[in-house]
1. A:T104 is checked against (1) touching a helix residue (DSSP H, G or I) at 6+ places or on another chain (Cβ under 9 Å); (2) open to solvent by 10 Å² or more (accessible area, probe 1.4 Å); (3) more than 24 Å from A:R188 (Cβ to Cβ); (4) at pLDDT 90 or above and fails just one. What number does that condition carry?
2. Could you please find all residues in region A:76-97 being in contact with a Lys or Arg (Cβ under 8 Å, 6 or more places away or on another chain) and within 14 Å of chain B (Cβ to nearest Cβ)?
3. Of the residues A:R109, A:R118, A:R147, which is under 19 Å from the mean Cα position of the chain (by Cα), within 14 Å of chain B (Cβ to nearest Cβ), within 15 Å of A:N212 (Cα to Cα) and open to solvent by 10 Å² or more (accessible area, probe 1.4 Å)?
4. If you take the residues in region B:35-58 that are within 14 Å of chain A (Cβ to nearest Cβ) and open to solvent by less than 10 Å² (accessible area, probe 1.4 Å), which one is modelled with the highest pLDDT?
5. Within region A:78-96, track down each residue that is under 18 Å from A:Y224 (Cβ atoms) and charged (D, E, K, R).
6. Which numbered condition in (1) within 30 Å of B:M95 (Cβ to Cβ); (2) assigned to a loop (DSSP other than H, G, I, E, B) is the only one that A:A254 fails?
7. Within region B:167-225, restricting attention to residues that are of a type in the set (K, R) and part of a helix (DSSP H, G or I), which residue is surrounded by the most Cβ atoms within 10 Å (Cβ to Cβ)?
8. Looking only at region B:245-302, count how many residues are assigned to a helix (DSSP H, G or I) and among the polar types (S, T, N, Q).
Amino acid sequence: MPKGMFVDTTICIGCKACQVACKQWNVLPGEPADFRVDPAEKIPVAANFTGDSYDNTADLTGTNWRRVRFIEQFPENRVGGRWLISSDSCKHCNDAGCLNACPTGALVRTDLGNVVVRQDVCIGCKYCLPSCPFGVVAFSHLTGTARKCTLCDERIHNGLGTACAKACPTGSIAYGEVAELKKKADARLAKLKSLGHGKANIYGYKEAGGLNVFYLFNDAPSVYGQPEKPDVPQGRLVVSSAVTVAGAVAVGMAALVAFREQGQSGSEGEEVEK
Amino acid sequence: MSPVTHAPGWEWFYIGLYFFFGGVSAGAYFIGSLAEFFGGGRHRGISRAAFYIAFPILLVTPPLLIGDLGQPLRFWHLLFDARSGFPYVNLSSPMSVGSWALVLYGAMAFLSFLDNLVAEGKLDFAPFARVYGRVPRKVYAAVGSAAGFFIAGYTGVLLNVTARPLWALTDPLVGALFIASASSTGAAAIYLVMKWRRIHPGPELEEFERFDRIVKILEIALAIAIVIAAGKYAGVLFRGPYAVMFWGGAILLGTLVPLATNWYAHRPGRHVQSESAAILMACLVLLGGLLLRISLVQAGQL
């Protein structure tokens, strides 16, 4: 029975307790402020301070496996604006691009449906990075391997929930059986719709074969920085290979035309060698 | 295709160079094999030159591939399961299949290299000649050209089958483009080796050049198709160093100038191309092939 998380972004308050809990449980170091000298700035500003609302990670990285995104929607006159806040992480896709791309078998899916990079197997080839349509997997220069959220693999295999869900003070991140969570999500969506939130939608039922970590958004997924149609790249592998073979055949035909034009038969050549 | 994806951070001096050297080696090898297969022994000068260059160039590539890894000492995990030690392959991963293809291709290139040395009397190793000679040459040529085509093309599939916008949008054309580029750079390498070994192939050079012209036209057509397919994500190829590398290096110097020079040398009433010009053109083709790989690998990561 796959385990997963339901992230109800409509009740997220942006406290980042999930980010802290994730870092603590997974022993992920903080990033030192990087005061690079930028000639465009009059005063030294840390290059890794985002300056983008309250976002302090900017991206999912080898040491930031959870990222609270802040989307400020305010018109010029500051009337009727709103905050959209969403805690983002690996979605543990059922059709996982990273898992399909891994050449070493370092990426595995466990019996609970979560996708894990085995740190002692990963060689750091980085092919899983561009293969993830959500931009989740990242390379860590500290370990020389690809790293990402494991859905707290060792916790969930010992009967505990994920660290982020445990720390979440509003219940925005809920851990459990995916089937149970879907019931909860559907009920919450119906409630929001009845309250007049017409744009509310659940992200992750059909994307990438279904996401074990799925979201309730109050606007289009792209507003929250998620791809509207995530592209699991290996779906194109057969066509891509076939066209490449056609290219090889075309070059082979060119060779046939070029090397056989004189009308001589191959047998003459065999004699030359002998 | 989505704009939020992560770039792998592959360095041009590792992965870009590997794509280039792998392409030159594989291109030379499949041209040599095809010349052997279709031309019988008439083109042995070409195939000998090809097999002399394919294996030594291939030897450059493992350090490049291993150097880019975050954990270089674990490179063997590409071929063998880290826990059980059994051979491992992931059929949905071009990198995994490509690793095994490199092993097969390396073995083929090594055999052909040894065969060259034995046949030309540079290496006295009678048992090898006896065992190698048991299998008909056409079989080596067929398997060798298939392996060469795979090595030349899989790198393009590897780029296409990702979620990076430029690489995903140009799917499924990059594999075919890299095969065409491997053909022209492989042909250039063969030509340089023949010049270096002072082999003057006479009439068969005409056929060799005809092949080269066809694949260069194919290469230009595919490169233009790729720019069109990439749509707005092709913009990077029109700016700064990428415009210089892609249009100036890969397209102009790597294909158009050598093509034009070749046509000019063969215009009616003239049959000889200046040798130094031909050598310069071969060097330009190689430079163009290198810049093509670097520009596409790096532009896709921006």
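1. (2)
2. A:S86, A:D88, A:S89, A:C90, A:A96
3. Numbers: A:R118 fails: within 15 Å of A:N212 (Cα to Cα); A:R147 fails: within 15 Å of A:N212 (Cα to Cα).
Matching residue, one of A:R109, A:R118, A:R147: A:R109.
4. Going through region B:35-58, the residues within 14 Å of chain A (Cβ to nearest Cβ) turn out to be B:35-48, B:50-51.
With open to solvent by less than 10 Å² (accessible area, probe 1.4 Å) added as a condition, the list becomes B:35, B:39-41, B:43, B:46-47, B:50.
Values: B:A35: 87, B:G39: 79, B:G40: 71, B:G41: 74, B:H43: 80, B:I46: 88, B:S47: 89, B:A50: 94.
Checking each candidate, the answer is B:A50.
5. A:R82, A:D88, A:K91
6. (2)
7. First, pick out the residues of region B:167-225 that are of a type in the set (K, R): B:195, B:197-198, B:210, B:213, B:216.
From what's left, part of a helix (DSSP H, G or I): B:195, B:210, B:213, B:216.
Values: B:K195: 16, B:R210: 17, B:R213: 19, B:K216: 23.
Applying the filter and picking the extreme gives B:K216.
8. Kept after step one, since they are assigned to a helix (DSSP H, G or I), are these residues of region B:245-302: B:245-265, B:275-299.
In the following step, the residues that additionally are among the polar types (S, T, N, Q) were identified as B:255, B:261-262, B:276, B:295, B:298.
Selection size over region B:245-302: 6.
The values are calculated or read from the model by the stated rules, or taken from the named source; none is laboratory data. What you see is a predicted model; the values in this text were computed from it and never measured. No Cβ is skipped: glycine too gets one built from the backbone with ideal geometry, and neighbour counts run over all protein chains shown. Note: areas computed on protein heavy atoms with side chains; ligands, DNA, RNA excluded. Shrake-Rupley method; radii C 1.70, N 1.55, O 1.52, S 1.80 Å.
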